[in-house]
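**Student:** Just passing along the structure, written as C-alpha coordinates.
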Amino acid sequence: MISKKIEDAFNDQINAELYSAYIYLSMSAYLNSVDLNGMAHWMKVQAKEELEHATKFASYIVARGGRVKYKAIECPREEWASALEVFKGAYEHERYVTRRINDLMDLAVTEKDYAAQVFLQWFVSEQVEEEANTDGIVKKMEMIGEGRHGMYMIDKELGERKAD
(Lines give C-alpha, C1' and ligand atoms only; values in the text may rest on other atoms or scores of the structure.)
Protein backbone atom coordinates (compact mmCIF):
# COMPACT_ATOMS: atom_id res chain seq x y z
CA MET A 1 0.00 0.00 0.00
CA ILE A 2 1.24 3.46 -0.89
CA SER A 3 1.45 6.07 1.87
CA LYS A 4 -0.65 9.22 1.60
CA LYS A 5 2.52 11.37 1.47
CA ILE A 6 4.01 9.38 -1.41
CA GLU A 7 0.67 9.25 -3.23
CA ASP A 8 0.24 13.02 -2.98
CA ALA A 9 3.83 13.70 -4.02
CA PHE A 10 3.59 11.32 -6.98
CA ASN A 11 0.31 12.93 -8.06
CA ASP A 12 2.07 16.30 -7.95
CA GLN A 13 4.82 14.81 -10.10
CA ILE A 14 2.27 13.59 -12.63
CA ASN A 15 1.14 17.20 -12.95
CA ALA A 16 4.78 18.35 -13.31
CA GLU A 17 5.43 15.76 -16.04
CA LEU A 18 2.29 16.82 -17.93
CA TYR A 19 3.36 20.46 -17.60
CA SER A 20 6.77 19.47 -18.97
CA ALA A 21 5.07 17.96 -22.01
CA TYR A 22 3.06 21.16 -22.41
CA ILE A 23 6.24 23.27 -22.24
CA TYR A 24 7.95 21.15 -24.88
CA LEU A 25 4.90 21.32 -27.15
CA SER A 26 4.93 25.09 -26.80
CA MET A 27 8.64 25.17 -27.60
CA SER A 28 7.94 22.98 -30.63
CA ALA A 29 5.23 25.36 -31.83
CA TYR A 30 7.61 28.32 -31.50
CA LEU A 31 10.38 26.49 -33.37
CA ASN A 32 7.95 25.58 -36.16
CA SER A 33 6.98 29.25 -36.39
CA VAL A 34 10.61 30.20 -37.13
CA ASP A 35 11.07 27.33 -39.62
CA LEU A 36 13.30 25.20 -37.42
CA ASN A 37 11.26 22.08 -38.04
CA GLY A 38 13.97 19.63 -37.00
CA MET A 39 14.28 21.28 -33.61
CA ALA A 40 10.48 21.37 -33.38
CA HIS A 41 10.44 17.62 -34.04
CA TRP A 42 13.01 17.07 -31.28
CA MET A 43 10.74 18.94 -28.85
CA LYS A 44 7.69 16.89 -29.90
CA VAL A 45 9.59 13.70 -29.15
CA GLN A 46 10.59 15.20 -25.81
CA ALA A 47 6.94 16.03 -25.05
CA LYS A 48 5.98 12.42 -25.79
CA GLU A 49 8.63 11.22 -23.32
CA GLU A 50 7.21 13.49 -20.63
CA LEU A 51 3.72 12.05 -21.21
CA GLU A 52 5.22 8.57 -20.81
CA HIS A 53 6.81 9.66 -17.53
CA ALA A 54 3.43 10.88 -16.25
CA THR A 55 1.90 7.54 -17.24
CA LYS A 56 4.64 5.65 -15.36
CA PHE A 57 3.84 7.57 -12.19
CA ALA A 58 0.11 7.00 -12.65
CA SER A 59 0.58 3.26 -13.21
CA TYR A 60 2.78 3.03 -10.13
CA ILE A 61 0.19 4.76 -7.94
CA VAL A 62 -2.51 2.38 -9.17
CA ALA A 63 -0.29 -0.69 -8.71
CA ARG A 64 0.33 0.33 -5.10
CA GLY A 65 -3.39 0.76 -4.36
CA GLY A 66 -3.50 4.55 -4.60
CA ARG A 67 -5.65 6.95 -6.54
CA VAL A 68 -4.43 9.08 -9.42
CA LYS A 69 -5.61 12.68 -9.27
CA TYR A 70 -5.10 14.98 -12.22
CA LYS A 71 -4.78 18.72 -11.70
CA ALA A 72 -4.95 21.79 -13.90
CA ILE A 73 -1.93 22.44 -16.07
CA GLU A 74 -0.47 25.94 -16.13
CA CYS A 75 -0.20 27.72 -19.47
CA PRO A 76 3.41 27.57 -20.72
CA ARG A 77 5.50 30.34 -22.19
CA GLU A 78 4.88 30.88 -25.92
CA GLU A 79 7.67 33.16 -27.18
CA TRP A 80 11.46 33.07 -27.11
CA ALA A 81 14.14 35.31 -28.57
CA SER A 82 15.95 32.48 -30.35
CA ALA A 83 16.35 28.74 -30.70
CA LEU A 84 19.27 28.97 -28.29
CA GLU A 85 17.02 30.56 -25.69
CA VAL A 86 14.52 27.71 -26.20
CA PHE A 87 17.14 25.06 -25.54
CA LYS A 88 18.61 26.95 -22.59
CA GLY A 89 15.08 26.98 -21.18
CA ALA A 90 14.76 23.24 -21.81
CA TYR A 91 18.04 22.62 -19.98
CA GLU A 92 16.97 24.72 -17.00
CA HIS A 93 13.62 22.94 -16.95
CA GLU A 94 15.36 19.55 -16.87
CA ARG A 95 17.47 20.74 -13.95
CA TYR A 96 14.23 21.71 -12.17
CA VAL A 97 12.76 18.26 -12.85
CA THR A 98 15.94 16.65 -11.50
CA ARG A 99 15.50 18.59 -8.24
CA ARG A 100 11.90 17.38 -8.05
CA ILE A 101 12.92 13.75 -8.60
CA ASN A 102 15.64 14.07 -5.97
CA ASP A 103 13.08 15.48 -3.53
CA LEU A 104 10.82 12.50 -4.24
CA MET A 105 13.71 10.14 -3.56
CA ASP A 106 14.39 11.94 -0.27
CA LEU A 107 10.73 11.49 0.67
CA ALA A 108 10.79 7.79 -0.25
CA VAL A 109 13.89 7.32 1.93
CA THR A 110 12.27 9.21 4.83
CA GLU A 111 9.09 7.14 4.46
CA LYS A 112 11.17 3.94 4.21
CA ASP A 113 9.27 3.12 1.03
CA TYR A 114 11.76 0.80 -0.65
CA ALA A 115 9.51 0.05 -3.63
CA ALA A 116 9.21 3.77 -4.35
CA GLN A 117 13.00 4.13 -4.11
CA VAL A 118 13.47 1.37 -6.69
CA PHE A 119 10.82 2.94 -8.93
CA LEU A 120 12.40 6.39 -8.65
CA GLN A 121 15.89 5.10 -9.48
CA TRP A 122 14.86 4.87 -13.13
CA PHE A 123 13.91 8.57 -13.06
CA VAL A 124 17.17 9.51 -11.33
CA SER A 125 19.10 7.87 -14.18
CA GLU A 126 16.75 9.33 -16.80
CA GLN A 127 17.38 12.86 -15.51
CA VAL A 128 21.14 12.44 -15.88
CA GLU A 129 20.48 11.66 -19.55
CA GLU A 130 17.93 14.47 -19.98
CA GLU A 131 20.28 17.11 -18.56
CA ALA A 132 23.23 15.85 -20.60
CA ASN A 133 21.21 15.88 -23.84
CA THR A 134 19.85 19.39 -23.46
CA ASP A 135 23.15 20.77 -22.15
CA GLY A 136 24.95 19.21 -25.13
CA ILE A 137 22.58 20.89 -27.56
CA VAL A 138 23.02 24.25 -25.82
CA LYS A 139 26.81 23.91 -26.03
CA LYS A 140 26.67 23.06 -29.73
CA MET A 141 24.39 26.01 -30.42
CA GLU A 142 26.66 28.35 -28.47
CA MET A 143 29.63 27.05 -30.43
CA ILE A 144 28.03 27.66 -33.83
CA GLY A 145 26.51 31.01 -32.89
CA GLU A 146 23.87 32.53 -35.12
CA GLY A 147 25.46 31.27 -38.34
CA ARG A 148 22.89 30.00 -40.83
CA HIS A 149 24.93 26.99 -41.93
CA GLY A 150 25.49 25.81 -38.39
CA MET A 151 21.82 26.32 -37.47
CA TYR A 152 20.81 24.41 -40.59
CA MET A 153 23.06 21.49 -39.64
CA ILE A 154 21.92 21.28 -36.02
CA ASP A 155 18.28 21.62 -37.10
CA LYS A 156 18.78 18.74 -39.51
CA GLU A 157 20.54 16.65 -36.83
CA LEU A 158 17.83 17.22 -34.23
CA GLY A 159 15.15 16.39 -36.78
CA GLU A 160 16.54 12.86 -36.96
CA ARG A 161 15.68 12.09 -33.34
CA LYS A 162 13.71 8.89 -33.04
CA ALA A 163 10.95 8.35 -30.50
CA ASP A 164 11.87 5.60 -28.06
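**Student:** Within the range 20-29, take every residue that is among the polar types (S, T, N, Q) and in contact with an Asp or Glu (Cβ under 8 Å, 6 or more places away or on another chain) and give me the one that is surrounded by the most Cβ atoms within 10 Å (Cβ to Cβ).
**Tutor:** Among residues in the range 20-29 that are among the polar types (S, T, N, Q) and in contact with an Asp or Glu (Cβ under 8 Å, 6 or more places away or on another chain), the one surrounded by the most Cβ atoms within 10 Å (Cβ to Cβ) is 20.
**Student:** Taking the range 95-153, which residues are among the small types (Gly, Ala, Ser) and either more than 22 Å from residue 50 (Cβ to Cβ) or surrounded by 13 or more Cβ atoms within 10 Å (Cβ to Cβ) (or both)?
**Tutor:** The initial filter retains those residues of the range 95-153 that are among the small types (Gly, Ala, Ser), namely 108, 115-116, 125, 132, 136, 145, 147, 150.
Of everything in the range 95-153, those that are among the small types (Gly, Ala, Ser) and either more than 22 Å from residue 50 (Cβ to Cβ) or surrounded by 13 or more Cβ atoms within 10 Å (Cβ to Cβ) (or both) turn out to be 108, 115, 116, 145, 147, 150.
**Student:** Filter the range 30-46 for residues that are surrounded by 19 or more Cβ atoms within 10 Å (Cβ to Cβ) and among the polar types (S, T, N, Q) and give the result.
**Tutor:** Residue satisfying the conditions is 46 alone.
**Student:** Here's another thing I want to ask about it. Would you be able to tell me the number of residues in the range 11-25 that are within 10 Å of the chain's Cα centre (by Cα) and polar (S, T, N, Q)?
**Tutor:** Summing the residues that are within 10 Å of the chain's Cα centre (by Cα) and polar (S, T, N, Q) in the range 11-25 gives 1.
**Student:** State whether one or more residues within the range 131-140 are farther than 20 Å from residue 30 by Cβ and in contact with an Asp or Glu (Cβ under 7 Å, 6 or more places away or on another chain).
**Tutor:** Scanning the range 131-140 turns up at least one residue that is farther than 20 Å from residue 30 by Cβ and in contact with an Asp or Glu (Cβ under 7 Å, 6 or more places away or on another chain).
**Student:** Could you run through the range 47-84 and say how many residues are part of a helix (DSSP H, G or I), more than 13 Å from the chain's Cα centre (by Cα) and surrounded by 15 or more Cβ atoms within 10 Å (Cβ to Cβ)?
**Tutor:** Adding up the residues that qualify gives 7.
**Student:** Within the set of pairs 6+ apart or on separate chains, which have a first residue in the range 76-103 that is more than 17 Å from residue 131 (Cβ to Cβ), a second that is open to solvent by 40 Å² or more (accessible area, probe 1.4 Å) and small (Gly, Ala, Ser), and C-beta atoms under 8 Å apart?
**Tutor:** The qualifying pairs are 78/29.
The values are calculated or read from the model by the stated rules, or taken from the named source; none is laboratory data. As the structure is a computational prediction, the values presented were derived from the model and not from experiment. In this analysis, Cβ positions are derived from the backbone assuming ideal geometry, glycine residues included, and neighbour counts consider all displayed protein chains. When the accessible area is computed, the model is the full protein with side chains, heavy atoms only, and any ligands, DNA or RNA have been set aside. Shrake-Rupley method; radii C 1.70, N 1.55, O 1.52, S 1.80 Å.
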